[in-house]
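Participant: I'd like to ask some things about the structure below.
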Ligand code: SF4
């Protein structure tokens, strides 16, 4: 749920012109890529774990109703109150109502992309409730008045130096330097008192455990525990696809999630929240609410996108995406960026306003290769392209261009003449094996060089090879 005042192309142009953005993305995504590769190479069971992860998710998706009923029954038994929301508006209305009912003035929130999806930050502010983001990156994004640009590292678009000047401007006590430990210390100082004085703590969920009714959160900062323990009320917002049958299944998926997201063996904090505080507990909330959100997910089940519901939000697909690495998350103009976002956004927000996203992909297949639950992202993106074409959503110029190409491609003689002519034409502009500028190709050559084609076309080279004289 984001404003889309500018078109995707305008946002992309602005992102490509921003050199600091490129530095920031390369530092974090590059690091994540290296760490993931190392973690997978030290985990020989990865292919088997991946196949198991896929089976677990497929099983739950195929029996969603059964596990939802089981989860609700056990969550209620543990003392939780379960709420159901069909849409994003309904979900944020339920959360705001729960906060207002208790007269909450301040709420703390640990990172949840579902919260962003349902527009919760905006809904809380519109209701006059102070919202405090407690995840370090979300804290940065909130101070900057921005939205997350990555599902695991929401502030990936900012360099350490930019964060230092932001903290200098916004924190009462300035950080001592722009080193990471000093920046973390500065955020800790700013947030500590707010953790202890919040009326409500809101978290997301990494997994919902059906046979116990527990909610699992994983963080590296411990902020989810500090968000959910001191306040009197804990509200969880979670998509219905987060279900797993049991804690064993959650651990099977955690082995994939952490390695794929950060390259670690395990996160620093993995917590299972099960109902409100009991008489014998030292701390914990008096009320524990779980808001289960559909927001288009059951539609995806029947609409050829069921495989997308396997997603465990690790972010590996965007860290390895050549497009995301150039333009960053904000250019997508949606809650979920990168390859997974380009599949999810049309399903959640509608294809009419987001049909550019499935086209922002080279289909090189890297995202599917790294996805820990084997989601065929390129196939799903192609599915959206086909639908966009059938619904006539692509611009007239694109439709006319593809129509023209299709005509030539279906006429072998014309096709050969056209490709031979194009090769000759393109070679006129080559310099040292590359084309740096060419009429009608400015959209490409403005940002990257194009390899100059070989002298002969594939067909003439093939013919020559068949004659026994390969060129
Ligand atoms: S689509 Fe796969 S790689 Fe991308 S975030 Fe989801 S689980 Fe991770």
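Each reported figure results from applying straightforward, stated rules to the coordinates on display, with no laboratory input. This is a predicted model, so every value here is computed, not measured. A quick note on method: Cβ atoms are made from the backbone with ideal geometry, for glycine too, and the neighbour counts reach across all protein chains shown.
Participant: Please compute, over every Cα-Cα pair in the range 153-298, the percentage with a separation greater than 27 angstrom.
Facilitator: Here the long-distance tail beyond 27 Å is 34 percent of all Cα pairs in the range 153-298.
Participant: Hey, another quick one. Arrange the peptides 388-399, 102-113, 337-348, 293-304 so that the one whose residues have, on average, the most other Cβ atoms within 10 Å appears first.
Facilitator: Going by the mean number of other Cβ atoms within 10 Å, highest first, we get 337-348, 102-113, 293-304, 388-399.
Participant: Follow-up. Using only the alpha carbons, work out the radius of gyration and Dmax of the range 1-59 in angstrom.
Facilitator: 18.3, 47
Participant: What Kirkwood Rh does the range 257-391 have if only Cα atoms enter the pairwise 1/r average? Answer in Å.
Facilitator: Taking the inverse mean of 1/r over all distinct Cα pairs, the range 257-391 comes out at 16.8 Å.
Participant: Where does the range 119-219 land on Rg(C-alpha)/(2.2 N^0.38 Å)?
Facilitator: The value comes to 1.20.
Participant: Output the 0 to 90 degree angle, nearest 10, between the alpha-carbon long axis of helix 180-197 and the longest principal axis computed from the alpha carbons of the chain.
Facilitator: 40 degrees
Participant: Quick one: order 219, 227 by neighbouring beta-carbon count within 10 Å, fewest to most.
Facilitator: Going from sparsest to densest Cβ surroundings: 219, 227.
Participant: Report the dimensions of the range 334-420 along its three principal axes from the alpha-carbon atoms, largest first, rounded to Å.
Facilitator: 45, 28, 15
Participant: Now, a different point. Give me the compactness ratio for the range 54-157, meaning the Cα radius of gyration over 2.2 N^0.38 Å.
Facilitator: Normalised Rg, Cα atoms only: 1.26.
Participant: Follow-up question, since we're still on this one. Separation between the residue 172 and residue 10 pseudo-spin-labels, each 7 Å from Cα along Cα→Cβ, expressed in nm?
Facilitator: If labels sit at residue 172 and residue 10, their model points lie 4.0 nm apart.
Participant: Determine, for 259, 325, 100, the number of other Cβ atoms within 10 Å of each Cβ, and report the residues in order from fewest to most.
Facilitator: Arranged by neighbour count, lowest to highest, 259, 325, 100 become 100, 325, 259.
Participant: Test of understanding: what is the full-extension gain from residue 436 to residue 86, defined as 0.36 nm times their sequence separation minus their Cα-Cα distance?
Facilitator: Roughly 120.9 nm would be gained on extension.
Participant: Can you run the Rg to Rh ratio on the range 2-118? Use alpha carbon positions and the Kirkwood inverse-distance Rh.
Facilitator: With Rh from the inverse mean 1/r over Cα pairs, Rg/Rh is 1.08.
Participant: Contour minus end-to-end for residue 390 and residue 402, with contour as 0.36 nm per residue of separation and end-to-end as the Cα-Cα distance?
Facilitator: 3.0 nm
Participant: Given R₀ = 25 Å, what would the calculated FRET efficiency be for residue 41 paired with residue 248, taking r from the Cβ atoms and rounding to 0.05?
Facilitator: For residue 41 and residue 248, the calculated efficiency is 0.45.
Participant: While we're on this one: Two-decimal Rg/Rh of the range 321-471 from alpha-carbon positions, Kirkwood Rh?
Facilitator: Looking at the range 321-471, the ratio lands at 1.03.
Participant: Can you divide the C-alpha Rg of the chain by 2.2 N^0.38 Å and report the result to two decimal places?
Facilitator: Ratio of Rg to 2.2 N^0.38 Å for the chain: 1.09.
Participant: Now a separate question. Kirkwood hydrodynamic radius of the range 75-122 from all distinct Cα pairs, in Å?
Facilitator: 11.9 Å
Participant: How do the peptides 426-439, 42-55 rank, highest first, by the average count of neighbouring beta carbon atoms within 10 Å per residue?
Facilitator: 42-55, 426-439
Participant: Could you tell me the calculated FRET efficiency between residue 280 and residue 467, based on Cβ-Cβ distance and R0 = 60 angstrom, to the nearest 0.05?
Facilitator: My answer for the efficiency is 0.10.
Participant: Something else now. Using the beta-carbon distance between residue 379 and residue 352 and R0 = 22 Å, what value does 1/(1 + (r/R0)^6) give for FRET efficiency, to the nearest 0.05?
Facilitator: Computed FRET efficiency for residue 379 and residue 352: 0.50.
Participant: Stretch residue 266-residue 211 to full length: gain in nm at 0.36 nm per residue minus the Cα-Cα span?
Facilitator: 17.5 nm
Participant: What Kirkwood hydrodynamic radius do you get for the range 384-459 when you take the inverse of the mean 1/r over all pairs of distinct Cα atoms, in Å?
Facilitator: 14.4 Å
Participant: If you take every DSSP beta bridge whose two residues both sit in the chain, what share of them, in percent to the nearest 5, is antiparallel?
Facilitator: For the chain, the DSSP antiparallel bridge percentage is about 30.
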